[in-house]
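Report on one structure; see the data block that follows.
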Amino acid sequence: MNKKNEEENKMTWTNRFLVIITLITIAFTGPVYGESRSANYLLLKDVFGNGGQRGSSASYTLQGTLGQSSAIGESSGSNYMNQGGFWTQAASEPPLPPDCSADPNDFEHQAMITAVIYGENGESLGANNGYLCAFVGNECRGGVKAKSISSGTRYFLQVWSNQTANETITFTYYDSASGETYTISESVEFQANSDKGTIFSPYEFHIGGSSEIRILLTKGWNWITVNVANEDMTLNTLLSPIYGKGERIVSQNGYAEYDSGVSSWAGSLSEIIPDLMYMLKMTSDDELIIPGNLHSAPLYLDNGWNWIGYLPSFESDLNHALNSVGDNGERIVGQDGYAEYLADSGWWGSLNTLKPNRGYKLKTSSETTLTYPSSSSEKRKPARFVQRDSRWNVNVADYEFSGAITANVLKNQEEMGDEGDELAAFVGDECRGVTSPVDTPAGIRFFLQIWSNTDDEIMIYKYYDSSEGQIYNLQENLEFQRDMIIGSISEPEDIPLPEGVETYTLTPEVTGGNGTITPAAPFGVSEWITQIFTVTPDGGYMVDTFADNDEDKKSELVDHEYILDDIQADHAISVAFKLMTGDMDHTSTVDLRDAILALKVVAGMQENTVYSDNEVNEDGKIGLEETIYILRSIAGLD
C-alpha cells in the first residue's frame, strides 16, 4: 500500500463537535483484478489526551479495512474512490467540563446510576451536548456525557467515594452548546456498589423548580426533612409511598401512628411542614419519593430548642449552613452527632456537615432567623484527628432518644486523645455511642452522643488507647436520661482512666520468625484492661499456631487480631508462622486464581509445575486434597 497526497487532517472544535476539514488519499493495490485502486482513510490527530481524559495533547489514528464488496473507483491522478466505498467513523467526544471529572484511583468504592435528565417542560435533555456531574460539596465524584441509544438519551454515571455510605451526592447538568450549568433538584445518598436505574427504567433527574425528593429510610427511627411545598401536605398523601411500613411520626407539635386496620395515619399531627424536622419510625427499609416544588424560605427560630428541616439539596459545612444564626446559636444535634457554638471560633463537635433531607434539633439563645446559603462551600477542615474505621458501632436508628456528654479523658491527670483513640458507652455488650477526639480551641474534647429507648438505663464507658492497643473498661456508671447534656467545651466532664490497680505481665513471643506480633516485648497492664494483639505474617507466610498460656487460640484470631479481655492474670502469648499453603502462584494470597490453577493441574490441563510447598498430604504432587484445602481456605473454613 503506497500513500500519496499524505497530510495530517486539519480539525477545529466548534461547540464541542469535531469538524474534519480535509482527508488524505492513499493509493491502494487491491486483490480484485490486481489493479491499482485508491481509497479514503480517515486519520485523526490530537483527539485523545492522557489518562483516558479526552483532550488535545496526544494523537490517535483511526483506520479501516475495505472489503471486496466495497465500490472502489478507478485510480488515476488524484481521483478518489466512489461514494459507496467511503469508509467513515465518528470522531471522539470532546473533553468533560473542567470541574466534572474524578480520578477513580483516588477512591475505593463506586456506585452506578443509569439516568435521564428532564427540563422544566418535561423534555429529555442532552442528546448531543449534555453532561451529568456528581459532587460531594465542591468535590467532583464523577462525570459523564449523554449517550443516545434506542431507548432515548441516557447517562451512564459512576459515582466514587472512600466511604461505603453516609455521603450525600448532588448533581449538575452542563449544556455544552450554551456553556450553561444547571443545578439538578435531586440528591442521592451514596451506597457502595449500588445500582440505580436501567436503560428501560432510568433514574430521573430534573432541573427547574418542579421536581421530587427521594429519602432513604432505614428500619427504626429516621430524622427527616420533607423539603417540598405541595397543595396537599397531609400525612396520608405524602407518606403514601411507604404504605404500611411507617409506624409512628413525631414532631415538636404532635405525633401520629399508622392504623393498619384503616390504612391511615391518626393522631395530633395531621400534616407536614417543610421547615420542620420529623422523627419517622419505620418497620423496614424503604425509599420515600415525593414529587413537588422544592421549598426554600427563611426559618424563624424561637428562643430554645427548634426542630429544624435542612432545606438545600446539597451538603454544607456546619459553619457555612448556620452562618446567618451567628452568636444566637448554642447547640445542634443530629443523628450523626452534635456540636456546640463558641463565640470566637464557630461550631465544634462530632457533627460537621448538614445533609439534604436530614433533620436537626437546634438550640438558640434568642429569637432569630435562619437563612440557608444558596450554594455549598469548601468544608472547613477542623483541627480534629483523622478518624479510621471505628472499633465499635452503634445503629442509631434503633433508638428514639439521645443524650450528649462532652468529656475530657485523663490518665494520671494528663489529657488523653491521640489519633485513633475512641471513647464509647455500653449497655452490657451493646455499644450505645462512640466518638473520636476533637482538638478544639479549649483543648482535646470527646463529643459522645449516647442512645437509648428508656430513661434510667445504666451505661458504662470504654476507652481505646491506640498507642498501646489497650481498651480500658471504666467502672463508673452513667444513668441515661433522654436529652441529657453533661459537660461542655469550656467545662468538660472529666473521665479518669483507672490507675493504682494491680499490674499483670503480658509476654508476647514469635517462634521461628517470618512474621511479627504487636506489642512485641513483655509489658505490664492494669487489672480489667482489654489488650489487643496484632499478628502480621511476612509475605508468602501464614499463621501456623497461636496460643495463650499454652492453650490453642488460633480460632480466636479475627482479621489478625487477638483480643485479651478483662485481664486478671499474667499471659504468655506465642505465635508461629509457616509458608502459605495453597498459594499456587506465589502472590502472597490464597484466592480463586489458586483454586483454578490447582484444578487445571488435577484435570491435566496444565503441567504440575506449581510450587511444591503447597501440597498438604506430602505425596509430592498437587491433587484433589490440595484443591479442597484451597477452597476451604477461601471460604474461611480452615
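Bear in mind these aren't lab numbers, they're just calculated from the coordinates by the rules spelled out. Quick caveat: nothing in here was measured; it's all calculated off a predicted structure. Cβ atoms come from the backbone with ideal geometry, glycine included; neighbour counts cover every protein chain shown.
Could you list ILE272, ILE460 so that the one with the fewest beta carbons within 10 Å of its beta carbon is first and the one with the most is last?
On the way: ILE272 24, ILE460 16.
Going from least to most buried by this count: ILE460, ILE272.
Taking only the C-alpha atoms, wrap a convex hull around the range 212-294 and report its volume per residue in Å³ as a whole number. Show your work: numbers first, answer last.
Values: hull volume 6.3 nm³, N = 83.
Roughly 76 Å³ of hull volume per residue.
In nm, give the distance between the simple-model label positions of ASP398 and LEU557, each being 7 Å from the Cα along the Cα-to-Cβ direction.
3.0 nm
What does the net charge come to around ALA102 if you take all other residues with beta carbon closer than 11 Å to its beta carbon, with K and R at +1 and D and E at -1?
Numbers: positive: ARG141; negative: ASP99, ASP103, ASP106, GLU139.
Here the charged neighbours net out to -3.
Leaving out same-chain residues fewer than 8 places away, which aspartates and glutamates sit with a Cα under 18 Å from that of LYS145?
Cα-Cα hits under 18 Å: GLU93, ASP99, ASP103, GLU123, ASP175, GLU180, GLU204.
Write out the trypsin sites (Lys or Arg not before Pro) in the range 196-242 meeting two conditions: DSSP loop, and at most 16 other Cβ atoms within 10 Å of their Cβ. Can you show the working numbers first?
On the way: sites: LYS196, ARG214, LYS219; in loops: LYS219.
Here the trypsin sites (Lys or Arg not before Pro) that fit, given the DSSP loop and packing criteria, are LYS219.
Expected output is a single nm value to one decimal: the length gained when fully extending between SER284 and ALA177, i.e. 0.36 nm times separation in residues minus the C-alpha distance. What is it?
Values: separation 107, 0.36 × 107 = 38.52 nm, distance 4.52 nm.
Taking 0.36 nm per residue and subtracting the Cα distance, the gain is 34.0 nm.
Expressed in nm to one decimal, what extension gain is obtained for the pair ASN162 and THR511 from 0.36 nm per residue of sequence separation less their Cα-Cα distance?
Working: separation 349, 0.36 × 349 = 125.64 nm, distance 3.79 nm.
Length gained, ASN162 through THR511: 121.8 nm.
Once label points are set 7 Å from the Cα along Cα→Cβ at both ALA520 and ILE486, what is their separation, rounded to one decimal in nm?
About 4.0 nm separates the two model spin labels.
Express in nm, to one decimal, how much length is gained between GLN568 and GLU468 on full extension, taking 0.36 nm for each residue of separation and deducting their alpha carbon distance.
Values: separation 100, 0.36 × 100 = 36.00 nm, distance 1.79 nm.
Contour length minus the Cα-Cα distance gives 34.2 nm.
Where the convex hull is taken over the Cα atoms of the range 299-370, what is its projected area averaged over directions, in nm²?
Details: hull surface 15.9 nm².
Mean shadow area of the hull around the Cα atoms is 4.0 nm².
Give me ASP465, ASP232, ASP594 ranked fewest to most by other Cβ atoms within 10 Å of their Cβ, as a rough exposure proxy. Can you show the working numbers first?
Details: ASP465 20, ASP232 9, ASP594 25.
Least crowded to most crowded, the residues run ASP232, ASP465, ASP594.
Can you figure out the FRET efficiency of GLU204 with SER345, using R₀ = 41 Å and their beta-carbon distance, to the nearest 0.05? Spell out each step's value before the answer.
Details: r = 43 Å, r/R0 = 1.04.
The formula returns an efficiency of 0.45 here.
Which ordering of ARG593, ARG331 is given by a fewest-first count of other beta-carbon atoms within 10 Å?
On the way: ARG593 14, ARG331 21.
Ascending Cβ contact count within 10 Å gives the list ARG593, ARG331.
State, to one decimal in nm, how far the label point of VAL427 lies from the label point of LEU599, with both points 7 Å from Cα in the Cβ direction.
That separation, rounded to one decimal, is 4.9 nm.
Could you sort the peptides 485-493, 120-128 by per-residue average Cβ neighbour count (10 Å cutoff), highest mean leading?
Values: 485-493: 16.4, 120-128: 13.3.
So the peptides 485-493, 120-128, ranked by packing, come out 485-493, 120-128.
List, in the order given, every pair from LYS147/LYS355; LYS196/LYS355; LYS411/LYS462; LYS196/LYS219 whose Cα-Cα distance in the structure shown is over 22 Å. Intermediate results must be reported in sequence, preceding the final value.
Numbers: LYS147/LYS355 31 Å; LYS196/LYS355 20 Å; LYS411/LYS462 13 Å; LYS196/LYS219 20 Å.
Going by Cα-Cα distance, LYS147/LYS355 fall outside the 22 Å limit.
Calculate the FRET efficiency for ASN193 and THR589 from the Cβ-Cβ distance with a Förster distance of 30 Å, rounded to the nearest 0.05. Before the final figure, lay out the partial values.
Numbers: r = 21 Å, r/R0 = 0.71.
Using R0 = 30 Å, I get an efficiency of 0.90.
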